[in-house]
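What follows draws every value from the coordinates through simple rules; no lab data is involved. Everything quoted here is computed from the prediction, not taken from an experiment. FYI the Cβ positions are ideal-geometry reconstructions off the backbone, even for glycines, and counts take in every protein chain you see.
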Amino acid sequence: MNNVIVALDFEETQEVLDFLTLFEKPIYVKIGMELFYNGGANFLKEIKDQSHKIFLDLKLHDIPNTVERAMRILGRLDVDMVNLHAAGGLEMMKAARRALGDDTILLAVTQLTSTSEEEMQTEQLIKVSLEESVLNYAKLAEEAGCNGVVCSPLESKIIHENTQAGFLTVTPGIRLASNDVQDQIRITTPSKAKELGSDYIVVGRPITRAEDPIQAYNQIVKEFA
C-alpha cells in the first residue's frame, strides 16, 4: 500500500462505499467530520472490514482531560491514524498520546492549508511568520510524543530539518498541475511534495471528482513515487 491517502469528501456513506468498489486493492483513506458524524463507528468498521487503512481526521482540540478520554475511545476503533490541533498545547497532546497507545499514528495539525500568513497574523494574532508558527507547533508535537504533523507540503523540508528522523509530515494541499486551486492556499503537486519531503500526501477532489478516479489516483501515485 502506497502513501497516497484519498480524502473521501462525500456527505453520504453509501457514496463512499460505491466509490471504494472502483478499487481492486485496499487503499489508504481519510474520513473527516462529516462522514464520521454521519456513519459513526459502524461505518469505520465496514471500511476496515474491506482492508482499507483509515486516517480519522477529527482534529480534536479541547482541555487535556477531555481529549484524553475522547482519544481513548477513538483508539478502540482500529483506525490507523488520528489527529488533533497542535494549538491545543503540549499537555493536551501528551494526554492524547497517553490515551491512544503506540499502535496508532498520532498527528498534530499545525496551520490549515487554507490559512494564509496574513490571516494567521491578523486573526490569530500570531506575529511570527507562518513558517515559524508551523515549525514551533511541529517541535511541540514531537516533544509531546506525536508521530508527526499535518502541514503544507511547502513546510515539510524545514520540519524534517528540525525534528528527529522518522517524524512524519502528512500533507494535504495536493493538486495536479491541471487542477483548480479550490479552497486551499499553500499547495503543490505530488512530485513537488515528494521532492520537499512529504511522507504522506492527502488528495481529495482531484481524485474523487475526477471523470476517471482510478486514472487520477494512479497518476498521483506515480508522480508521488
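Data overview
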| read-out | value |
| --- | --- |
| Shape of region 41-171, Cα gyration tensor, a/c cut at 1.5 | prolate |
| Global geometry of the chain, whether rounded, prolate or oblate, following the gyration tensor of its Cα atoms and the 1.5 cut on a/c | oblate |
| For Phe23, Phe224, order by how many other beta-carbon atoms lie within 10 Å, fewest first | Phe23, Phe224 |
| Distant-in-sequence amide H partners of Tyr28 (H built 1.01 Å from N, under 5 Å) | Val6, Lys53 |
| Interchain or long-range residues, amide H under 5 Å from Leu58's placed H | Asn83 |
| Derived scalar couplings ³J(HN,Hα) [region 115-129; Karplus, 6.51 cos²θ - 1.76 cosθ + 1.60; whole Hz; x for Gly, Pro] | 9, 8, 4, 4, 5, 4, 6, 8, 9, 8, 6, 8, 9, 7, 5 |
| Most fluctuating residue given options Leu74, Leu84, Leu22, as computed from a GNM of the chain linking Cα atoms under 10 Å | Leu22 |
| For the chain: relative contact order, % (alpha-carbon pairs under 8 angstrom, 6 or more apart) | 18 |
| Distant-in-sequence amide H partners of Leu168 (H built 1.01 Å from N, under 5 Å) | Gly148, Val149 |
